[in-house]
Amino acid sequence: MPVGRRTVAGGGIGLLILVVLGLLFGIDPALLVGLTGQMGGGPSVPVSESPAGAMGRAREDELADFVSVVLADTEDTWRDIFAAGDAHYRDPKLVLFTDRVSSACGFTDAAVGPFYCPADERVYIDLAFYDDLRNRFHAPGDFAQAYVIAHEVGHHVQNLLGISDQVTRAQRAAGRADANRLSVMLELQADCLAGVWAHHAQRSRDLLEQGDLREGLNAAAQIGDDRMQRRARGFVVPDSFTHGSSEQRVRWFTRGVQRGDLNDCNTFEAASL
């Protein structure tokens, strides 16, 4: 996946990195790596500052630059898709952090990994997670990293479409097993939406190189609930899944890549997940 240097302001075209010290998997004692406003002059995002961590400044700079470029490309894609449906796509903001971060969704540490907070419409990336993705989860490669970003942007799309709110309301009225199943549907849909981005990025900009799709599929497989639980405890409890199995994540991501249509990502009405 060819990625050149590109500056962006807060998640739009052109990333001005004021302080690059951490990401969706890392930054700062107070922590927020803020990027400047959105494309078109939106408000700036607070950036956390922290001493250069174990990754080193150069590595953090490289990863922060990569994330900003991928995020900007997702924005290009989703603006076009929303515009085709006579809707407006509102760019998410990007926050890079290390160790822990405070968001409108609460205080979170790096163990959670990358996440999206619908309350502030921000994608939170700990840069150190990418080393975990390569070393701990055995999912190396640029496109594996891009898949993670595109998945979180998928949650932003769900938020803009009102899907996230509907799921939250339904979960409040459901038992634990049904609430977990709704969470799985939400996550698998985000995987499918990540695939939709990849489909359009390839068709419009010839973004993918040989092997990129394999990297993305491997990343989806490695962070499935079944593999994660087996690594952590040696056994699997399907009723406790919140993100979907490796097979499910691969299948829904592949569906998005092949079809390129968000209407084909309706996990909530699928005959089977």
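Look at Ala170 and say whether it is surrounded by fewer than 18 Cβ atoms within 10 Å (Cβ to Cβ), out of contact with any Ser or Thr (no Cβ under 9 Å at 6 or more places or on another chain) and touching a residue at least 12 places away in the same chain (Cβ under 8 Å).
Against the criterion (surrounded by fewer than 18 Cβ atoms within 10 Å (Cβ to Cβ), out of contact with any Ser or Thr (no Cβ under 9 Å at 6 or more places or on another chain) and touching a residue at least 12 places away in the same chain (Cβ under 8 Å)), Ala170 qualifies.
Regarding the stretch 227-250, can at least one residue be identified that is over 20 Å from Phe137 (Cβ atoms), outside the structural domain of Gly113 (by TED's automatic domain parsing) and under 19 Å from the mean Cα position of the chain (by Cα)?
No, the stretch 227-250 contains no residue that is over 20 Å from Phe137 (Cβ atoms), outside the structural domain of Gly113 (by TED's automatic domain parsing) and under 19 Å from the mean Cα position of the chain (by Cα).
So, in the stretch 77-128, how many residues would count as being in a strand (DSSP E or B) and at negative phi?
Number of matching residues: 20.
Can you say whether Ala219 is assigned to a helix (DSSP H, G or I), at negative phi and aliphatic (A, V, I, L, M), as far as the supplied structure shows?
Criteria met by Ala219.
Can you tell me which residue within the stretch 55-92, out of those that are of a type in the set (Ser, Thr, Tyr) and farther than 16 Å from Ser204 by Cα, is surrounded by the most Cβ atoms within 10 Å (Cβ to Cβ)?
Within the stretch 55-92, the match that is surrounded by the most Cβ atoms within 10 Å (Cβ to Cβ) is Ser68.
I'm told Arg136 meets every condition in (1) of a type outside the set (A, V, I, L, M); (2) under 30 Å from Gln210 (Cα atoms); (3) at pLDDT 90 or above except one. Can you identify the failing condition by its number?
(3)
Quick check on Ala194: is it hydrophobic (A, V, I, L, M, F, W, C), in a helix (DSSP H, G or I), in contact with a helix residue (DSSP H, G or I) (Cβ under 7 Å, 6 or more places away or on another chain) and within 25 Å of Gly113 (Cα to Cα)?
So Ala194 fits the description; yes.
Here is a check on your reading of the model: is Asp131 on the phi > 0 side of the Ramachandran plot, among the charged types (D, E, K, R) and touching a residue at least 60 places away in the same chain (Cβ under 8 Å)?
Answer is no for this residue.
Just to check your reading of the model, which residue among Asp239, Asp212 is at pLDDT below 95, farther than 22 Å from Asp131 by Cα and in contact with a helix residue (DSSP H, G or I) (Cβ under 6 Å, 6 or more places away or on another chain)?
After applying the criteria, what remains is Asp239.
Phe268 is checked against (1) modelled with pLDDT of 75 or more; (2) within 21 Å of Val157 (Cβ to Cβ); (3) in contact with a Ser or Thr (Cβ under 8 Å, 6 or more places away or on another chain) and fails just one. What number does that condition carry?
Condition (3) is where Phe268 drops out.
Given Val95, Val148, Val123, Val153, which one is surrounded by 24 or more Cβ atoms within 10 Å (Cβ to Cβ) and over 17 Å from Ala194 (Cα atoms)?
Val95
Would you mind finding the one in Asp80, Asp28, Asp99 that is over 17 Å from the mean Cα position of the chain (by Cα), under 26 Å from Pro140 (Cα atoms) and modelled with pLDDT of 50 or more?
After applying the criteria, what remains is Asp99.
The values are calculated or read from the model by the stated rules, or taken from the named source; none is laboratory data. The shown structure was predicted, so the numbers you read here are calculated from the model rather than taken from an experiment. FYI the Cβ positions are ideal-geometry reconstructions off the backbone, even for glycines, and counts take in every protein chain you see.
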